[in-house]
Amino acid sequence: MNQESAIHIMKTGKNVFITGAPGTGKTHVLNKYIEYLKKHGIKAAITAPTGIAASHIGGMTIHSFFGIGIKDSLSQYDIEELMEKKYIWDRIKNLKVLIIDEVSMLSPKLFISIDNILRTFKFSTESFGGIQVILVGDFFQLPPIQKEKNSERFIFQTDTWNSLDLYTCYLNKSYRHKDEILLNILNEIRNGNISEESMRIFRSRYRKNPIQNKDKENKNNISITRLYTHNIDVDEINKKELSKIKEPLKIYNAQTTGSKKWYERIFGSSLVLQKLELKLGALVFFIKNNYEKGHINGTIGTIIDFDVFNIPIIETKDGKRIKAESMEWLYTDNNGNQKASIKQIPLRLAWAITIHKSQGMTLDSAEIDLSRAFEPGQGYVALSRIKSINGLKLMGLNDIALKIDNDVLKGDNVMKNHSKDIISMYSKISETEKEKSIKEYMEYLGGSIEKGKTYKKEISKEKKSKIKSFLKSKPFFEQKRTISEISKDRKISEQTILNHLELIIEDDPEFDISYLQPNSDIIEKVEIAINGIRKKNLKKNFTENGKIKLSAIFKKLNEEISYEEIKLAMLFL
């Protein structure tokens with residue numbers, strides 16, 4: 001599929017999975033859609049599984065956006081606690097478009113948790129609460145860390161993936177690789193069948209310096225970036241190469257605000273260094289995007305000078321000169337409050353980088369050592385960073401390096417075929433119908449196709465029914481069904497059914513739910529706990545709206561009475 005078709009499909013409001021080989025423009029397509037939404041006054045939630053991936057697209061980590069700390073799998077109690085946080089309500093209540101980049105690194109448990117959170121907060125039985133979901137990534141890239149054996153490893157293996165009814169947009173034109181030989185090798189790796197001819201070409205680059213043009217090898221051994229599988233190799237090489245330069249050492253210490261435990265989290269989730277050592281002539285790469293200045297994460301260059309304030313001046317591979325001024329990294333807690341910040345020069349030494357941290361970069365040439373590869377896909381990721389096979393200096397290879405996970409190979413074939421079906425179906429729709437769909441979806445979002453205009457539209461009957469979806473549970477309560485029975489019939493969590501019940505009582509205070517009344521002993525204990533919490537009047541036990549947190553009552557009762565029983569008891573106080 002071409003980029004234009006993918007953008008068109010997203011504009012119609014479909015849930016979309018944008019995929020394709022590295023260099024096919026997945027990030028470009030995503031940025032175009034984000035720009036389109038912004039132009040019409042619609043703000044999307046832009047997220048990614050890791051801090052490094054999130055920084056690539058100017059977004060937040062999924063954990064930060066949903067306020068879930070370090071957890072991947074959330075219980076009903078965890079979601080209940082989230083519902084007591086006002087900033088999460090404020091963040092989600094008007095959310096209509098969720099973007100998740102680098103989904104190959106997203107664990108299935110976290111993916112399912114996001115679905116459960118959105119269904120709960122949106123009071124909806126629809127997948128992801130009925131909002132538009134845009135997933136971006138390539139499952140041939142590095143996978144999520146597998147904490148448990150014999151479980152689903154990739155999100156495309158989950159029922160949640162299937163419930164999204166995703167339109168797969170498989171981009172197939174490479175804008176990074178002009179070299180047909182390298183492109184063919186990468187495609188063979190993706191197909192799980194590398195020919196002997198490709199392996200012969202691949203091996204011919206063993207310990208050969210990159211060729212700068214068609215027939216001239218790099219005899220002068222010009223510095224190139226080395227990609228390794230392990231951090232220890234990378235740090236050692238960078239220190240060694242820096243020590244070879246006979247120039248004064250410049251040291252840049254990061255400026256931090258906030259307590260150590262908070263700013264340490266920034267160092268742990270990004271590429272920024274606490275202590276950065278540089279010299280004139282050092283090979284470096286930028287670690288943060290600044291489109292105005294002309295650098296993105298992965299832009300490589302050489303330090304050619306320092307200004308009067310010791311700010312490094314970088315000359316990139318294409319001859320552009322950029323002043324690497326300090327940039328800021330922020331950390332916000334689960335309540336949305338800024339807890340720490342770091343200011344530092346956005347550079348790292350680039351003689352060596354781990355393959356994991358190279359994801360998303362484009363390199364003219366690279367020295368790659370795959371002798372200690374430990375994960376299927378590492379070789380593919382490393383090779384896909386370079387533009388040409390002549391830019392490769394291969395230092396080592398093992399049996400794992402060029403392998404691809406069998407589940408990924410099977411899944412990819414399904415995705416390719418689905419994308420072809422989408423193209424076939426989409427080609428039969430007239431341009432008039434396409435434009436009509438685009439206009440209708442923008443109106444649904446509350447924006448306008450006319451540039452710069454936003455307006456409030458009348459809520460459609462369909463949207464009204466979504467907003468009052470709790471009323472769909474009311475007939476079940478009228479039939480004296482239990483919470484568990486309604487949950488099974490409606491195929492939504494018991495927690496969501498309890499939330500519906502609260503809204504039903506607010507909407508109709510005379511509604512009879514006496515059959516659900518817990519025994520008097522439970523009601524009495526809950527009431528005593530509430531009175532005790534009110535007497536202490538500790539801020540941590542109350543929400544921003546002045547309500548007592550369910551978690552506070554749960555703890556006060558020594559966790560002996562469940563959240564569900566507490567919520568029911570409170571309805572009868």
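Evaluation of D405 against the conditions (1) surrounded by 15 or more Cβ atoms within 10 Å (Cβ to Cβ); (2) touching a strand residue (DSSP E or B) at 6+ places or on another chain (Cβ under 9 Å) shows that the sole unmet condition is (2).
Kindly indicate which of K403, K428 is without any contact (Cβ under 8 Å) to a residue 60 or more places away in the chain and within 29 Å of E236 (Cα to Cα).
On the way: K428 fails: within 29 Å of E236 (Cα to Cα).
Step by step, each of K403, K428 is checked, and only K403 is without any contact (Cβ under 8 Å) to a residue 60 or more places away in the chain and within 29 Å of E236 (Cα to Cα).
Residues that are over 28 Å from D407 (Cα atoms) number at least 3 in the following helices (runs of 4 or more DSSP H) confined to the stretch 46-139: 62-66, 76-82, 86-93, 108-121.
Considering only residues in the stretch 5-45 that are more than 21 Å from S104 (Cα to Cα) and part of a loop (DSSP other than H, G, I, E, B), the one that is most open to solvent (accessible area, probe 1.4 Å) turns out to be K43. Quick one: which of K535, K567, K525 is assigned to a helix (DSSP H, G or I), open to solvent by 70 Å² or more (accessible area, probe 1.4 Å) and modelled with pLDDT under 85? The conditions single out K535. When A401, A382 are checked against the criterion of being part of a helix (DSSP H, G or I) and at pLDDT below 90, A382 stands alone in meeting it.
You will find that of K540, K555, K567, K549, the residue that is farther than 20 Å from Q76 by Cα and out of contact with any strand residue (DSSP E or B) (no Cβ under 6 Å at 6 or more places or on another chain) is K540 and no other. With respect to the conditions (1) surrounded by 22 or more Cβ atoms within 10 Å (Cβ to Cβ); (2) among the hydroxyl-bearing types (S, T, Y); (3) in contact with a strand residue (DSSP E or B) (Cβ under 7 Å, 6 or more places away or on another chain), S341 lacks only one, and its number is (1). For the stretch 171-204, the set of residues classified as open to solvent by less than 20 Å² (accessible area, probe 1.4 Å) and either modelled with pLDDT of 90 or more or in a helix (DSSP H, G or I) (or both) consists of L171, L182, I185, L186, I189, R190, S198, F202, listed by residue number.
Can you tell me which of G391, G396 is free of Cβ contacts under 8 Å to residues at least 40 places away in the same chain and under 27 Å from A282 (Cα atoms)?
Numbers: G391 fails: free of Cβ contacts under 8 Å to residues at least 40 places away in the same chain.
The unique qualifying residue is G396.
So in the stretch 313-351, with the set limited to residues that are aromatic (F, W, Y) and under 18 Å from T299 (Cβ atoms), which one is modelled with the highest pLDDT? Ranking the qualifying residues of the stretch 313-351, first place goes to W351.
Whether a residue is more than 20 Å from W161 (Cα to Cα) and buried (at least 21 other Cβ atoms within 10 Å of the Cβ) was assessed, and G396 does not pass this test. Checked against (1) within 26 Å of the chain's Cα centre (by Cα); (2) assigned to a loop (DSSP other than H, G, I, E, B), L280 passes all but a single condition, namely (1).
Please tell me if T120 is open to solvent by less than 10 Å² (accessible area, probe 1.4 Å), touching a residue at least 40 places away in the same chain (Cβ under 8 Å) and of a type in the set (S, T, Y).
Values: open to solvent by less than 10 Å² (accessible area, probe 1.4 Å): yes; touching a residue at least 40 places away in the same chain (Cβ under 8 Å): yes; of a type in the set (S, T, Y): yes.
Yes, satisfied.
When restricted to residues that are under 28 Å from Y167 (Cα atoms) and either open to solvent by 10 Å² or more (accessible area, probe 1.4 Å) or among the aliphatic types (A, V, I, L, M) (or both), the stretch 379-393 contains 1. Within the stretch 289-318, the residues that satisfy the criterion of being open to solvent by less than 40 Å² (accessible area, probe 1.4 Å) and part of a loop (DSSP other than H, G, I, E, B) are N289, G294, N297, G298, T299, D307, I311. Open to solvent by 70 Å² or more (accessible area, probe 1.4 Å), in contact with a Leu (Cβ under 9 Å, 6 or more places away or on another chain) and at pLDDT 85 or above, is that true of K468? No. Would you be able to tell me the number of residues in the stretch 319-338 that are open to solvent by 30 Å² or more (accessible area, probe 1.4 Å), not in a strand (DSSP E or B) and not charged (D, E, K, R)? Summing the residues that are open to solvent by 30 Å² or more (accessible area, probe 1.4 Å), not in a strand (DSSP E or B) and not charged (D, E, K, R) in the stretch 319-338 gives 6. Annotation note: Cβ proximity below 7 Å between a residue of the stretch 79-93 that is over 16 Å from S493 (Cβ atoms) and a residue that is open to solvent by 70 Å² or more (accessible area, probe 1.4 Å) (sequence gap 6+ or interchain) occurs for K85/N335; K86/E544; K86/N545; Y87/N335.
The values are calculated or read from the model by the stated rules, or taken from the named source; none is laboratory data. Keep in mind the model is a prediction, meaning the values are calculated, not measured. Neighbour counts are summed over all protein chains in view; Cβ atoms, including those assigned to glycine, are modelled from backbone coordinates with ideal geometry. Accessible surface areas use protein heavy atoms only, side chains included; no ligands, DNA or RNA. Shrake-Rupley method; radii C 1.70, N 1.55, O 1.52, S 1.80 Å.
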